[in-house]
Amino acid sequence: MSKGRTKPAARKIDRMLAEKSAILSKAHAFTTMGMAEIAQPLWASAASYEERIAPLLDANGDTLEAAVHRISAASCYLKAGDPSRAANLFRAALAGPLRDNTRKDVEGMLDDCLGLLAK
């Protein structure tokens, strides 16, 4: 836990992370079983959790971790079939602090996402 997190904020973040992880596990399982249509709403739900977790981390000074959750949200939205939301979250992640190699990866993911939108 970051030194900047208050106990109530940390508990809220931890609870949301646990709920998101359970949803992600189900989404992965359905996808692995070839049931992508059933998994899509789960991917969207996991993305929504990630999207809400990121600003809580920002508020606690965990900006790098917040960016990682935005990237995860974007990836989940892509799997849910929503490249528009994914593109916005990739851009939001790029606006924050990222390691150089991560930044390059996210720029590539954003380009791929924009390519999907251009079709």
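Any read-out appearing in this document is the output of simple, stated calculations on the displayed coordinates, not a laboratory observation. The model shown is predicted, which means the values in this text are computed figures rather than measured ones. Cβ coordinates were reconstructed from backbone atoms using ideal geometry, including for glycine residues, and neighbour counts include every protein chain displayed.
Remarks
- Only one residue of F30, G61, A47 has its Cα farthest out toward the positive end of the dipole of the chain, where Lys and Arg carry +1 and Asp and Glu -1 on Cβ, and that residue is G61.
- Residue exposure proxy: K104, K12, K20, ordered by other Cβ atoms within 10 angstrom of their Cβ from fewest to most, comes out as K104, K12, K20.
- Cα centre as origin, Lys/Arg/Asp/Glu Cβ charges: the chain dipole, Debye: 420
- Whole-number percent relative contact order across the range 7-118, with pairs defined as alpha carbons under 8 Å at least 6 apart: 21
- Between G34, G61, G81, the residue with the greatest mean-square fluctuation in the GNM of the chain (Cα pairs under 10 Å linked by springs) is G34.
- Taking the number of Cβ atoms within 10 Å of each Cβ as an exposure proxy, the fewest-first ranking of I38, I71, I23 is I38, I23, I71.
- Neighbour counts of other Cβ atoms within 10 Å put F90, F30 in the fewest-to-most order F30, F90.
- Candidates M35, M16, M109, ranked by Gaussian network fluctuation over the chain, Cα under 10 Å, top entry: M35
- Within a straight-line Cα-Cα reach of under 19 Å, K119 can be paired with the following lysines, leaving aside sequence neighbours fewer than 8 residues apart in one chain: K79.
- Test item: Cα-centred dipole of the range 38-91, Lys/Arg +1 and Asp/Glu -1 on Cβ, debye: 200
- DSSP H segments from the chain that extend 30 Å or more along their own axis, Cα-based, with Kyte-Doolittle mean of -0.5 or above: 7-32, 36-59
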